[in-house]
Structure formats: C-alpha cells, structure tokens
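Remarks on the structure that follows.
The values are calculated or read from the model by the stated rules, or taken from the named source; none is laboratory data. Nothing here was measured: the structure is a model prediction, and the numbers come from that model. Cβ coordinates were reconstructed from backbone atoms using ideal geometry, including for glycine residues, and neighbour counts include every protein chain displayed. The area values use the complete protein model at the heavy-atom level, side chains included, leaving out ligands, DNA and RNA. Shrake-Rupley method; radii C 1.70, N 1.55, O 1.52, S 1.80 Å.
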Amino acid sequence: MEEIHKAKILSEIEKLMFDRAHFARFLAGNKFDVKKALEHFKEYLQWRKTSKIDNLLVNYIQCSISTTGT
C-alpha cells in the first residue's frame, strides 16, 4: 500500500476503501511483482471509474427511497 500512496494513485476516499488486504490480492495475482501489481491496480481503478461501479449502491439507495416515498 505504501507504493500506491507514494504514487498518489488513490484519492482520499479510495484510501479508505482499499486496505492492505485488497492490494495483497493484486500482489499475489502478479507473483508479488510490485510494478505489475501497481499497473493492474491502476487499470482496476480506471475500470471502476469507467463502469461507475461506485455509483451503483448510491443509485440503488436513491431509487429505493424515491419508490417507497421515504
């Protein structure tokens, strides 16, 4: 995670979402090659932004509230 924080890849909100265990999966998946893991992690974050993954829950909650009238 220190490598990610040094590279300033994550925003403050993303720092709260992604912990050491999360990045450890990328390290393990890339045979502990930090450079490759960082590259794949950046691609993953871009995919989340492009696909608007983080908006799914927010949109679901807003839709639920508007349909229930609460």
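Those residues that are at pLDDT 90 or above, under 14 Å from the mean Cα position of the chain (by Cα) and of a type in the set (Phe, Trp, Tyr), I need them from the stretch 1-43; list them, please.
Phe26, the sole residue that qualifies.
Which of the residues spanning the stretch 31-52 are more than 20 Å from Ala21 (Cα to Cα) and surrounded by 10 or more Cβ atoms within 10 Å (Cβ to Cβ)?
Those that are more than 20 Å from Ala21 (Cα to Cα) and surrounded by 10 or more Cβ atoms within 10 Å (Cβ to Cβ): Lys49, Ser51, Lys52.
Cβ-Cβ under 6 Å, sequence separation 6+ or interchain: first residue in the stretch 29-55 and in contact (Cβ under 8 Å) with a residue 40 or more places away in the chain and small (Gly, Ala, Ser), partner open to solvent by less than 50 Å² (accessible area, probe 1.4 Å) and assigned to a helix (DSSP H, G or I). Which pairs?
none
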